[in-house]
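Remarks on the structure that follows.
The values are calculated or read from the model by the stated rules, or taken from the named source; none is laboratory data. A quick note: this is a predicted structure, and the numbers were derived from the prediction, not measured. Don't worry about glycine lacking a Cβ; one is built from the backbone with ideal geometry, like all the others, and counts go over all protein chains shown.
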Amino acid sequence: MLGLTILLGAAGLGAYCRLFYSATVYALPCFAGLFIGFFAETTGAGPFGAITFGVAAGVLLLAIGQTIFALLQSPFLRAVVALTFAVPAALTGYFAIYNLSGLTFASNIWRQAFAIAGALAVGATAWTRLASLAHAGDHHSPAQP
């Protein structure tokens, strides 16, 4: 029974890390949505209005970022837009991995190493997801003769 508990605990932690890894790449839209939602709540929009405004702000920010990334031709400006989304995601990944590794690692050096690796992985994933979502609609069919 103890073996089953350990296996299920490891599977649950793995599922949590996978879900968190998928969610951290949208850190900037999530933070913007939370900020707008809390602001709407404090100005009297109520819970439903705050949730609606927060979700709309996050989705709108992500759509605007993808559109700007897709429309820009300059590699430098594209990198600036991508970094705008990737840096908050990398910071979120860093602190999440650092705090989760505190549950298992005694050495601060290993915690830092895993946190930096996690930040790089999450930041790179945010960068590539922004680029892939922006280019998802760019597939043009070849001209028919």
All-but-one check, LEU34 against (1) over 22 Å from THR128 (Cβ atoms); (2) of a type in the set (A, V, I, L, M, F, W, C); (3) out of contact with any helix residue (DSSP H, G or I) (no Cβ under 8 Å at 6 or more places or on another chain), failing number (3)
Name the residues in segment 23-44 that are in a helix (DSSP H, G or I) and either exposed (fewer than 12 other Cβ atoms within 10 Å of the Cβ) or more than 19 Å from the chain's Cα centre (by Cα) (or both), would you?
PHE38, PHE39, ALA40, GLU41, THR42
Which residues, taken from segment 45-84, are small (Gly, Ala, Ser), in a helix (DSSP H, G or I) and free of Cβ contacts under 8 Å to residues at least 40 places away in the same chain?
GLY46, GLY49, ALA50, GLY54, ALA56, ALA57, GLY58, ALA63, ALA79
Let me confirm something: among LEU103, LEU4, LEU8, which residue is out of contact with any Asp or Glu (no Cβ under 6 Å at 6 or more places or on another chain) and either outside any helix (DSSP H, G or I) or within 18 Å of ARG129 (Cα to Cα) (or both)?
LEU103
Looking only at segment 61-81, decide whether some residue is under 21 Å from ALA126 (Cβ atoms), in contact with a helix residue (DSSP H, G or I) (Cβ under 8 Å, 6 or more places away or on another chain) and exposed (fewer than 14 other Cβ atoms within 10 Å of the Cβ).
yes
Just checking, does segment 8-17 include any residue being in contact (Cβ under 8 Å) with a residue 12 or more places away in the chain and surrounded by 15 or more Cβ atoms within 10 Å (Cβ to Cβ)?
no
Failed item in (1) over 20 Å from ALA23 (Cβ atoms); (2) at pLDDT below 85, with ILE109 passing the rest
(2)
Taking the condition surrounded by fewer than 18 Cβ atoms within 10 Å (Cβ to Cβ), hydroxyl-bearing (Ser, Thr, Tyr), out of contact with any strand residue (DSSP E or B) (no Cβ under 8 Å at 6 or more places or on another chain) and modelled with pLDDT under 85, does THR84 pass?
no
Assess whether ALA126 counts as being at pLDDT below 85 and within 12 Å of the chain's Cα centre (by Cα).
yes
